[in-house]
Amino acid sequence: MLLRVCWWRSACWIGTARNMKNTGYIIVVIGLLGCGQRGANSEVTNQRDSSSTEKIIVRYNIEDLIPPINLPEGFRLDTIQKIDSTKNVSIFIFLPVSGIDQIDKVVFDDIQKQKDDFIESLDEMIKEDERILGTVNSDFQAEPISVFKDDKVTSYLFIVSYYQAGAAHPMTMYYSLNFDNKTLKRISFSDYFLVESKNDTTQLTDLITRSIGEDGIFVTTLSDIDFNIEQDTISFNFDDYEIASYAAGIIQGRVHRNQLDNKIRTMYR
């Protein structure tokens, strides 16, 4: 799903996000220094690069969005932290490691691709106007909020947040990766769900809408919906601006598996 983020020069965010996130692309075109800046939430000094140890780095606070995570048996959590003073950017990535090389590589490569695309777009901004290097720093974060494994699937859900200096506010999105434990291949929406008719689509979108339970928020299509698998539920995940205003934030609709049984392919029930 390509994440499309549109920023206008000298104007605050107007636009939509998300379409090709599963390929890991983040394409960002940002207006420079026209929308104001965020406030500081925490400070981190670089312990790896002595040239920036005195520089205060602002990290966008997503801790209120990150519940304590319980990893399945045999998993561990790796941390990647980097502060690049030349680009005035901080990177914080937390990666669950399963010990299954094929799965771990896909997870690592996907998150790294998103980070690399973010840095590439930031480089373009800096080329256009180096004044952003003198403002509050840019920031990329990726943290898991759910890791589930049973005898059939392994499922990850991340919160990915990024901010580029001079923008009105950070953008936050859900990002899931689901794997078949037998084949070790990624599971897409159509791999997991059996939706054969317009009536199937209507039933499923209605279920998701009711599970969200917010007035004025409706799910009308199943195209490119991000989902992850949990113990007793399936979570359907929506990014900033995807089905509601920015003020609504990122949104989840959890549907109990027994309500979805006839919509889940037999091999995954």
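The values are calculated or read from the model by the stated rules, or taken from the named source; none is laboratory data. Computed from a prediction, not measured in an experiment: that's the story for all the values here. A quick note on method: Cβ atoms are made from the backbone with ideal geometry, for glycine too, and the neighbour counts reach across all protein chains shown.
Overview of values
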item: Any hit, the range 200-209, residues being surrounded by 12 or more Cβ atoms within 10 Å (Cβ to Cβ), under 24 Å from V106 (Cα atoms) and modelled with pLDDT of 95 or more; result: no
item: Residue in the range 73-92 that is hydroxyl-bearing (S, T, Y), crowded, with 18+ Cβ neighbours inside 10 Å and within 21 Å of I250 (Cα to Cα) present; result: no
item: Extreme residue, farthest from D117 (Cα to Cα), among residues of the range 129-174 that are aromatic (F, W, Y) and out of contact with any helix residue (DSSP H, G or I) (no Cβ under 6 Å at 6 or more places or on another chain); result: F148
item: Residues of the range 142-198 that turn out to be of a type in the set (S, T, N, Q) and over 19 Å from I208 (Cβ atoms), as a count; result: 6
item: Pairs with Cβ under 7 Å, 6+ apart, first in the range 172-191 and over 17 Å from E230 (Cβ atoms), second part of a helix (DSSP H, G or I) and modelled with pLDDT of 95 or more; result: L184/Q102; L184/I103; R186/V106
item: Residue, surrounded by the fewest Cβ atoms within 10 Å (Cβ to Cβ), within the range 210-257, restricted to residues that are acidic (D, E) and touching a residue at least 24 places away in the same chain (Cβ under 8 Å); result: D232
item: Enumeration of residues in the range 128-164 that are polar (S, T, N, Q) and in a loop (DSSP other than H, G, I, E, B); result: T135, N137, Q164
item: Residues that are buried (at least 18 other Cβ atoms within 10 Å of the Cβ), of a type outside the set (D, E) and either touching a helix residue (DSSP H, G or I) at 6+ places or on another chain (Cβ under 9 Å) or without any contact (Cβ under 8 Å) to a residue 40 or more places away in the chain (or both), drawn from the range 103-118; result: Q114, K115
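Residue by residue, here is whether (1) touching a Lys or Arg at 6+ places or on another chain (Cβ under 8 Å); (2) at pLDDT below 95 holds:
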position	(1), (2)
A142	yes, no
A165	no, yes
R186	no, no
F193	yes, no
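Conditions tested, residue by residue: (1) over 14 Å from N88 (Cβ atoms); (2) surrounded by fewer than 16 Cβ atoms within 10 Å (Cβ to Cβ); (3) of a type in the set (D, E, K, R).
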| position | (1), (2), (3) |
| --- | --- |
| L122 | no, no, no |
| R131 | no, yes, yes |
| T135 | no, yes, no |
| E143 | yes, no, yes |
| D151 | yes, yes, yes |
| S161 | yes, no, no |
| M173 | yes, no, no |
| D180 | yes, no, yes |
